[in-house]
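Structure first, then comments.
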Amino acid sequence: MRMQNSIGLVTAAASGMGRAGAVRFAKEGAAVAIVDIDAKGVEDAVEAIKAAGGKAIGITGDLTDDRFSKEIVAETVRTFGGLDFVWAHAGHPGPSALEGMDMALFDLAVDLNLRSMTLTTGAALPEMRKRGKGSILYTSSTSGVRGSPHSPIYSAMKFGVIGFARSLAKRVAHENIRSNVICPGGVDTPMLRTFLARPDDKKKSAVPMNDLLEDRARRSPMGRTCQPEEIANAALFLLSDEASYVSGAVLVVDGAMVA
Ligand SMILES: NC(=O)c1ccc[n+]([C@@H]2O[C@H](COP(=O)([O-])OP(=O)(O)OC[C@H]3O[C@@H](n4cnc5c(N)ncnc54)[C@H](O)[C@@H]3O)[C@@H](O)[C@H]2O)c1
């Protein structure tokens, strides 16, 4: 097992890549805290892990709440006795429009892409120091390594995630704490659908969702859309001890889209 006796938490883990990761980490021997605002989704993910013989707890709450973003660390430590890894996966597409931008949506995107993960990191570092090591993974995007005409705001935030993670990597390397970034391209989750049909993107919202999804898959060099489990596999490597000398890395997992 690749994560035996490891303890970690995953945010936005009731769905998509976060859930796929949490399930995978638990199969590899980790005890995992599933953090998400979706109570039913959290319950389902915890049940799925337990049914497969793994260890998991659910922590339900809103990551735009500063207190909650810190408390998830304390709750994980209270339950499992420590913290070895964090996948700060939560994020939000934010508004597509620049003219007449919805600032509430802008703020939500800042909170979920940047603010929450910063607070969680601040709470996690002292716990990792106690263990003498730690691994943190942040979710950026291909929009974090190249400009996105449809999502300049999202792109700015995902570039920011990389700036934070790489800076942190240098700051805590001497403490044996690693910080890496994963940059998915389009992945088959509910969020991809949100991206493809944002209400402020009038041209796209007139096209049926299935057509948008098929078009997206066709435009991928591999001719298909990435599955959440394929991101989970890459996350497993970066979070596990197999990546013991990998820090400050930005792993693009996009089937050669930005190549
Ligand atoms: N899906 C993609 O194509 C894609 C591509 C690149 C990067 N990403 C990034 O991946 C991450 C999430 O992606 P996904 O596709 O796995 O998502 P998803 O749509 O499958 O799940 C998102 C989860 O976030 C939870 N959530 C939403 N608001 C929350 C809040 N305030 N507090 C706590 N939880 C909340 C939802 O309940 C849901 O379970 C984001 O950081 C996103 O920017 C996604």
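Only the coordinates and a few stated rules stand behind these numbers; no lab work does. Given the structure is predicted, the values throughout are model-derived calculations rather than measurements. Every residue, glycine among them, receives a Cβ derived from its backbone with ideal geometry; neighbour counts consider all protein chains shown.
Restricting the stretch 34-51 to residues that are within 13 Å of the ligand (Cβ to nearest atom) and not β-branched (V, I, T) leaves a set whose member that is nearest to the chain's Cα centre (by Cα) is D36. Within the stretch 165-195, the residues that satisfy the criterion of being surrounded by fewer than 19 Cβ atoms within 10 Å (Cβ to Cβ) and in a helix (DSSP H, G or I) are R166, S167, K170, R171, A173, H174, E175, P190, M191, R193, T194. Looking at the stretch 30-47, I want the residues that are under 15 Å from V73 (Cβ atoms) and of a type in the set (G, A, S) and have a partner that is part of a strand (DSSP E or B) and within 13 Å of the ligand (Cβ to nearest atom) with Cβ atoms under 7 Å, at least 6 apart or on another chain. Which pairs are those? So the pair list comes out as A33/L9; A33/I59. If you go through the stretch 41-58 and keep only what is outside any helix (DSSP H, G or I) and among the charged types (D, E, K, R), you end up with just K55. Only residues that are under 30 Å from E175 (Cβ atoms) and assigned to a strand (DSSP E or B) were counted across the stretch 212-259, and they come to 4.
Kindly indicate whether any position in the stretch 135-149 is touching a strand residue (DSSP E or B) at 6+ places or on another chain (Cβ under 7 Å) and farther than 21 Å from H92 by Cα. Yes; the residues of the stretch 135-149 include at least one that is touching a strand residue (DSSP E or B) at 6+ places or on another chain (Cβ under 7 Å) and farther than 21 Å from H92 by Cα.
Taking the numbered list (1) more than 23 Å from F237 (Cβ to Cβ); (2) within 16 Å of the ligand (Cβ to nearest atom) in turn, V207 passes all entries but (2).
Checking each residue in the stretch 34-66 for being in contact with a Gly (Cβ under 7 Å, 6 or more places away or on another chain) and closer than 18 Å to M3 by Cα picks out I34, V46. Given the criteria crowded, with 24+ Cβ neighbours inside 10 Å and part of a strand (DSSP E or B), does V32 qualify? Criteria met by V32. Residues in the stretch 84-108 that are under 17 Å from the mean Cα position of the chain (by Cα) and more than 15 Å from the ligand (Cβ to nearest atom) were compared, and the one that is nearest to A232 (Cα to Cα) is F85.
Looking for something over 17 Å from the mean Cα position of the chain (by Cα) and either more than 13 Å from the ligand (Cβ to nearest atom) or without any contact (Cβ under 8 Å) to a residue 12 or more places away in the chain (or both) - is there at least one such residue anywhere in the stretch 57-66? Yes, the stretch 57-66 contains a residue that is over 17 Å from the mean Cα position of the chain (by Cα) and either more than 13 Å from the ligand (Cβ to nearest atom) or without any contact (Cβ under 8 Å) to a residue 12 or more places away in the chain (or both). Being surrounded by fewer than 18 Cβ atoms within 10 Å (Cβ to Cβ) and among the hydrophobic types (A, V, I, L, M, F, W, C) is a property that does not hold for M157. Quick one: in the stretch 15-29, of everything that is touching a residue at least 60 places away in the same chain (Cβ under 8 Å) and assigned to a loop (DSSP other than H, G, I, E, B), which residue is nearest to the ligand (Cβ to nearest atom)? Applying the filter and picking the extreme gives S15.
On the given criteria, is S143 in contact with a helix residue (DSSP H, G or I) (Cβ under 6 Å, 6 or more places away or on another chain) and away from the ligand (no atom under 13 Å from the Cβ)? Criteria not met by S143. Take A12 and tell me if it is more than 9 Å from the ligand (Cβ to nearest atom) and either more than 14 Å from the chain's Cα centre (by Cα) or closer than 21 Å to T121 by Cα (or both). No; evaluated as a whole, the condition is false for this residue. Of all residues in the stretch 2-14, those satisfying the criterion of being part of a loop (DSSP other than H, G, I, E, B) and out of contact with any Asp or Glu (no Cβ under 7 Å at 6 or more places or on another chain) are Q4, N5.
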